[in-house]
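Enquirer: Questions regarding the structure given below will be posed in turn.
The values are calculated or read from the model by the stated rules, or taken from the named source; none is laboratory data. Model, not experiment: these values are computed from the prediction. Virtual Cβ from ideal backbone geometry, glycine too; neighbours counted across all protein chains shown.
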Amino acid sequence: MFDARLRPLIDIPLNAAARTLSGTGITPNAITGIGFLFGVLGAVFLAFQLDYAALVMILLSRIMDGLDGAVARHAAPRSRHPGAKTQESDLGGYYDIVADFLFYSGIILGFAIGRPEHALMAAFLIFCFVGTGSSFLAYAIIAAKQNRNHDKQGKKSFYFLTGITEGSETILVLCLICVFPGWFPQIAAIFGALCLITTFGRILQARRDFG
């Protein structure tokens, strides 16, 4: 819901940092890997109920998640494909989306390990993540086949189809459960319901666009 509005604001500092990093030799895929490791640490910290340490790792992970694409667009090409002008690649996009979904579910898994009394609601929330993720990926595959594009969310290997729960909202929820872990059942119930609404909305959108 907020991704398209936040993208122009987020791109300004990310592009500035990317211009600096593009000459250092660090690759976008390396940044993706670093961001994923931050996410794993966040899940481990939650498993040990180190909530504020987990919060820092989550934020660092998401900064890396935005930075990898920016560096890819600014860095000199290292592609095997002739005519490449940047380091943007389908493989990089693949790494990015796999890391994202493992990150989202991993954070909730870490929380459930640390607080098993909330395991049922954690399982519900991961189920809802699967709904939004699968509906998003399935739409993106067909949209790519039909040469559709949503430019408002920026140039991405995979873009988020507009819905109530997108990347920004999910990150906010992960931060909230670190700050207010006792409210996890309520947060999971509300956000999970919104995820299901988003999933249903995307199914209806796909029916209109592809039917």
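Enquirer: When region 98-125 is examined, which residues are found to be under 15 Å from the mean Cα position of the chain (by Cα) and closer than 15 Å to A47 by Cβ?
Expert: Within region 98-125, the subset under 15 Å from the mean Cα position of the chain (by Cα) is 98-108.
Selection gives F103, S105, G106, I107, I108.
Enquirer: Restricting to region 28-53, what's the tally of residues that are surrounded by fewer than 17 Cβ atoms within 10 Å (Cβ to Cβ) and assigned to a loop (DSSP other than H, G, I, E, B)?
Expert: Count: 2.
Enquirer: Of the conditions (1) touching a Cys at 6+ places or on another chain (Cβ under 6 Å); (2) at pLDDT 95 or above, L120 clears all except one; give me its number.
Expert: Exception for L120: condition (1).
Enquirer: Now for a different question. For region 74-90, indicate whether the set of residues that are modelled with pLDDT of 75 or more and either of a type in the set (D, E, K, R) or under 14 Å from L174 (Cα atoms) (or both) is non-empty.
Expert: Among the residues of region 74-90, at least one is modelled with pLDDT of 75 or more and either of a type in the set (D, E, K, R) or under 14 Å from L174 (Cα atoms) (or both), which makes the answer yes.
Enquirer: Out of the residues in region 154-178 that are in contact with a Leu (Cβ under 7 Å, 6 or more places away or on another chain) and modelled with pLDDT of 95 or more, state the one that is surrounded by the fewest Cβ atoms within 10 Å (Cβ to Cβ).
Expert: Of everything passing the filter in region 154-178, C175 is surrounded by the fewest Cβ atoms within 10 Å (Cβ to Cβ).
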